[in-house]
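Enquirer: Right, I'll just put the structure down here and ask away after.
The values are calculated or read from the model by the stated rules, or taken from the named source; none is laboratory data. Remember, predicted model here, so these are calculated numbers, not experimental data. Please note: Cβ atoms are built from the backbone with ideal geometry, for glycine as well, and neighbour counts cover all protein chains shown.
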Amino acid sequence: MLAKAELLSLQQIRCFCAALELGSFTAAAEALRVSQPAVAEQIRKLELLLGTDLFVRAGRGVIATEAGRAFAEHAARSLRAVEDATDSVGELTALRSGTVAIGVFGEPSAWRLDAVAAAFLSRHPDVSLRFVGPNSSTVAERVRQGELEAGIVLLPIDDTKLEARPIVRDEILYISATPKRTRQPATIEQLAHTPLVFYDAESAEHDPIRRQLAERAQAHGVRLQPQVEVELKDIALQLVAAGIGDTYLPSAFTRQPYYPEGLNTVSFSPPLYDTFAIITRPGARLSAGVRELLRDLEAHMRAVADELDQSR
């Protein structure tokens, strides 16, 4: 005759642990994404197998009996062991095929993320990569909705139902073709009285840099009204070089091939920064590929940020 332990099922233990933690069969069912009767049936079978009641009803919930408390310690440990064993196999196989996707901020070329992608694919040649954009506000929404596991974005964003962990920052500079406008750090009042060229036209006020500028303008009782709005940074810079107006630019982009010669730069007063952060959903368990790629991206971006600091 089989021992009782050999007749236990993983689903019975999972239902028991969920009901114990959450205090009701209904809450356990919601957490496990099964029906309430299914949870009740699994626990009934477990109680029949063990020959004792594991729960008693208390109001609308349940509490563990003495036998239930005795069983709980070993059940939780066994469940963790099985899940850890499953994860260890999954991590070995996860990067042998399939696609690893994360969200990234708009126009990431200045941060040379292609080098990260190339190194990752050299280690995992049978895996496909997806860097999904186009803007931090869009990435945040896709992570929030569960379409992406994680993303690297520019702050500020709407962080409702998200966790954000800042990793690096880059100073935002004021850019002008007129030397006298960059002799002193640029104030928000100066921007309010200067023709401006804004980029990221589609994202508009949802763009993180424009949000920072708008908040600063509001605090000083002024309003920023661009003369021209375009989508791409390179077009904005060409318009600045032509004398149409001034703009702002993260310092990393001043090294790009499309950056025109003869433009003048200066810090804002007070300084303004791009802050990059990794975002995930609270409590999310990331896949092995996404975890590895995020580690690579963070290390790489920290190294690039150090280069930028040393070059200033």
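Enquirer: Taking the stated definitions as given, is ASP246 modelled with pLDDT of 95 or more and acidic (Asp, Glu)?
Expert: Yes, satisfied.
Enquirer: Might you check whether a residue that is assigned by TED's automatic domain parsing to the domain that holds LEU8 and over 34 Å from the mean Cα position of the chain (by Cα) occurs anywhere in the range 24-37?
Expert: yes
Enquirer: How many of the residues in the range 174-203 are within 32 Å of the chain's Cα centre (by Cα), closer than 16 Å to GLY243 by Cβ and aliphatic (A, V, I, L, M)?
Expert: Residues in the range 174-203 being within 32 Å of the chain's Cα centre (by Cα), closer than 16 Å to GLY243 by Cβ and aliphatic (A, V, I, L, M): 3 in total.
Residues checked against (1) part of a loop (DSSP other than H, G, I, E, B); (2) among the polar types (S, T, N, Q); (3) touching a Leu at 6+ places or on another chain (Cβ under 8 Å):
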residue: ILE152; (1), (2), (3): no, no, yes
residue: ILE157; (1), (2), (3): yes, no, no
residue: LEU173; (1), (2), (3): no, no, yes
residue: ARG181; (1), (2), (3): no, no, no
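Enquirer: Could you list, ordered by first residue, the pairs with Cβ atoms under 9 Å in which the first is in the range 299-312 and closer than 14 Å to ALA277 by Cα and at pLDDT 85 or above and the second is surrounded by 11 or more Cβ atoms within 10 Å (Cβ to Cβ) and aromatic (Phe, Trp, Tyr), at least 6 apart or interchain?
Expert: HIS300/TRP111; MET301/TRP111; MET301/PHE276; ALA305/TRP111; ALA305/PHE276
Enquirer: Next question, about the same structure. Please give the number of the condition GLY59 fails out of (1) at pLDDT below 90; (2) within 27 Å of LEU286 (Cα to Cα).
Expert: For GLY59, the exception is condition (2).
Enquirer: While we're here: Which of the residues belonging to the range 272-298 are crowded, with 19+ Cβ neighbours inside 10 Å and among the polar types (S, T, N, Q)?
Expert: THR280
Enquirer: A further question follows. In the list GLY151, GLY106, which residue meets the criterion of being closer than 30 Å to ARG285 by Cβ, modelled with pLDDT of 95 or more, assigned by TED's automatic domain parsing to the domain that holds VAL222 and of a type outside the set (A, V, I, L, M, F, W, C)?
Expert: Answer to the selection: GLY151.
Enquirer: Looking only at the range 223-233, count every residue that is surrounded by fewer than 16 Cβ atoms within 10 Å (Cβ to Cβ) and among the aliphatic types (A, V, I, L, M) and tell me the total.
Expert: The total comes to 1.
Enquirer: Output yes when any residue across the range 282-291 is under 30 Å from LYS161 (Cβ atoms), of a type in the set (Ser, Thr, Tyr) and outside any helix (DSSP H, G or I), and no when none is.
Expert: Scanning the range 282-291 turns up at least one residue that is under 30 Å from LYS161 (Cβ atoms), of a type in the set (Ser, Thr, Tyr) and outside any helix (DSSP H, G or I).
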